[in-house]
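Asks: Input: one structure, supplied below.
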Amino acid sequence: MTFALVITAAGSSTRMGIGSKKEYRTIHTSTTNTVNLGRISVLSSALYTFLSTYHFNTIIITTPVNGEAEAQKVLSEDFRIAPLLKESKATLLFTEGGKTRQASVYKALERLSKTDIPDGVLIHDGARPWLQGQIIRDVIDLVEKKGAGVPGIPSVDTQKEIDNEGKITRHLERKHIISVQTPQGFLFKTLFECHKKASQDGNTYTDDTEIWARYYGDVFVCAGDPLNRKVTFEGDLS
């Protein structure tokens, strides 16, 4: 199967503070390589892991409006990226995102539909820089075998469901609860059709597994990693 990659980086990062776009923030690496690696950002770290793990025919990064130049600059400052792109011969594209994650992913899928259409697609939050290659391989394996896959980690806290007044309405069994991560993987054509329908139904979906489940079928889970956390607040970079 052929795969494309979508990395979402179109958000405003308001919770990081004024003027701070989390995907472009610098992170530190523990590598012992003495070669100058340039400036490693949240976004470039994520992209590096994908490029180092699997060959993607097309890679699309969603950006804020008029944000392509800045995204390209951020990636160029990580000296590991250009050689890997050249070696893989992957096509790197940028597209403006929408007002929500759902809208941004749909725009990226529309762009992919106008390229060499892949069999499958992985969708990753650009604010998750610490993922490992094994998760990528495991998600791809699930897509090839089951059609849709997502990494997840068991919940460590007891989970409750509440109503609008804050009253507990349901006591959930922790053994059946997971926190899902990205990348989330799907058969491309099917996911694109699901997104088309979701874009017209008036609902808001927080991730692509919800859209897939609503309009097509089951999503299967592989082991995630607690280190594959999402940068949301300033302290997450520490």
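The values are calculated or read from the model by the stated rules, or taken from the named source; none is laboratory data. A quick note: this is a predicted structure, and the numbers were derived from the prediction, not measured. Cβ atoms come from the backbone with ideal geometry, glycine included; neighbour counts cover every protein chain shown. Heads up: the accessible areas ignore ligands, DNA and RNA and are worked out on the full protein's heavy atoms, side chains in. Shrake-Rupley method; radii C 1.70, N 1.55, O 1.52, S 1.80 Å.
Asks: Just wondering, is there one or more residues in the stretch 202-209 that are over 26 Å from L43 (Cα atoms) and not in a helix (DSSP H, G or I)? Step through it out loud before you land on a result.
Replies: If we filter the stretch 202-209 for residues that are over 26 Å from L43 (Cα atoms), which is where we start, we get 202-203.
Filter once more, so that each one left must be not in a helix (DSSP H, G or I): 202-203.
Taking every residue of the stretch 202-209 in turn, at least one turns out to be over 26 Å from L43 (Cα atoms) and not in a helix (DSSP H, G or I).
Asks: Among residues belonging to the stretch 170-221 that are over 23 Å from D157 (Cα atoms) and acidic (D, E), point out the one that is most open to solvent (accessible area, probe 1.4 Å).
Replies: Looking at residues that are over 23 Å from D157 (Cα atoms) and acidic (D, E), I get D218.
Asks: Take the conditions in contact (Cβ under 8 Å) with a residue 24 or more places away in the chain, out of contact with any Cys (no Cβ under 6 Å at 6 or more places or on another chain) and among the aliphatic types (A, V, I, L, M) and apply them to A82. Does it pass?
Replies: When the stated conditions are applied, A82 does not pass them.
Asks: Given the conditions (1) touching a residue at least 24 places away in the same chain (Cβ under 8 Å); (2) touching a helix residue (DSSP H, G or I) at 6+ places or on another chain (Cβ under 9 Å); (3) charged (D, E, K, R), and given that K197 satisfies all but one, which numbered condition is not satisfied?
Replies: K197 satisfies every listed condition except (1).
Asks: What do you reckon, is V156 of a type in the set (V, I, T), open to solvent by 60 Å² or more (accessible area, probe 1.4 Å) and touching a Ser or Thr at 6+ places or on another chain (Cβ under 8 Å)? Even if it seems obvious, please write down each step before you answer.
Replies: Numbers: of a type in the set (V, I, T): yes; open to solvent by 60 Å² or more (accessible area, probe 1.4 Å): yes; touching a Ser or Thr at 6+ places or on another chain (Cβ under 8 Å): no.
Considered against the rule, which asks whether it is of a type in the set (V, I, T), open to solvent by 60 Å² or more (accessible area, probe 1.4 Å) and touching a Ser or Thr at 6+ places or on another chain (Cβ under 8 Å), V156 comes out as no.
Asks: For G17, state whether it is modelled with pLDDT under 95, within 13 Å of the chain's Cα centre (by Cα) and either farther than 30 Å from D141 by Cα or not acidic (D, E) (or both). Working first, answer last.
Replies: Working: modelled with pLDDT under 95: yes; within 13 Å of the chain's Cα centre (by Cα): no; either farther than 30 Å from D141 by Cα or not acidic (D, E) (or both): yes.
So G17 does not fit the description; no.
Asks: Only residues that are part of a strand (DSSP E or B), more than 16 Å from L47 (Cα to Cα) and touching a helix residue (DSSP H, G or I) at 6+ places or on another chain (Cβ under 6 Å): list them for the stretch 109-166, please. Walk me through how you get there before you give the answer.
Replies: Of all residues in the stretch 109-166, those part of a strand (DSSP E or B) come to 120-125, 148-154, 160-162.
Filter again for more than 16 Å from L47 (Cα to Cα), leaving 120, 148-154, 160-162.
Matches in the stretch 109-166: G120, A148, G149, V150, P151.
Asks: Just to be sure before I move on: is T169 hydroxyl-bearing (S, T, Y) and either at pLDDT 95 or above or closer than 22 Å to S52 by Cα (or both) in the structure I sent? Steps first, answer last, please.
Replies: Numbers: hydroxyl-bearing (S, T, Y): yes; either at pLDDT 95 or above or closer than 22 Å to S52 by Cα (or both): yes.
Spelling it out, T169 is indeed hydroxyl-bearing (S, T, Y) and either at pLDDT 95 or above or closer than 22 Å to S52 by Cα (or both).
Condition check ((1) open to solvent by less than 50 Å² (accessible area, probe 1.4 Å); (2) touching a strand residue (DSSP E or B) at 6+ places or on another chain (Cβ under 8 Å); (3) at negative phi) across all residues:
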site: K73; (1), (2), (3): no, no, yes
site: F79; (1), (2), (3): no, yes, yes
site: T91; (1), (2), (3): no, yes, yes
site: G97; (1), (2), (3): yes, yes, yes
site: T100; (1), (2), (3): no, no, yes
site: A103; (1), (2), (3): yes, no, yes
site: A108; (1), (2), (3): yes, yes, yes
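Asks: Name every residue in the stretch 215-230 that is in contact with a helix residue (DSSP H, G or I) (Cβ under 8 Å, 6 or more places away or on another chain), hydrophobic (A, V, I, L, M, F, W, C) and farther than 29 Å from K196 by Cα, in order of residue number.
Replies: Within the stretch 215-230, just A223 meets the criteria.
Asks: Another one. For the structure I just gave you, tell me whether R25 is open to solvent by 30 Å² or more (accessible area, probe 1.4 Å), under 17 Å from D125 (Cα atoms) and modelled with pLDDT under 95.
Replies: Details: open to solvent by 30 Å² or more (accessible area, probe 1.4 Å): yes; under 17 Å from D125 (Cα atoms): yes; modelled with pLDDT under 95: yes.
Spelling it out, R25 is indeed open to solvent by 30 Å² or more (accessible area, probe 1.4 Å), under 17 Å from D125 (Cα atoms) and modelled with pLDDT under 95.
Asks: Considering only the stretch 54-64, state which residues are within 13 Å of A9 (Cβ to Cβ) and open to solvent by 10 Å² or more (accessible area, probe 1.4 Å). Reasoning before the result, please.
Replies: Of all residues in the stretch 54-64, those within 13 Å of A9 (Cβ to Cβ) come to 59-64.
Residue satisfying the conditions is P64 alone.
Asks: Considering only residues that are surrounded by 15 or more Cβ atoms within 10 Å (Cβ to Cβ) and touching a strand residue (DSSP E or B) at 6+ places or on another chain (Cβ under 8 Å), which ones fall in the stretch 226-236? Reasoning before the result, please.
Replies: Looking only at the stretch 226-236, we keep the residues that are surrounded by 15 or more Cβ atoms within 10 Å (Cβ to Cβ), and these are 228-231, 236.
Scanning the stretch 226-236 gives N228, K230.
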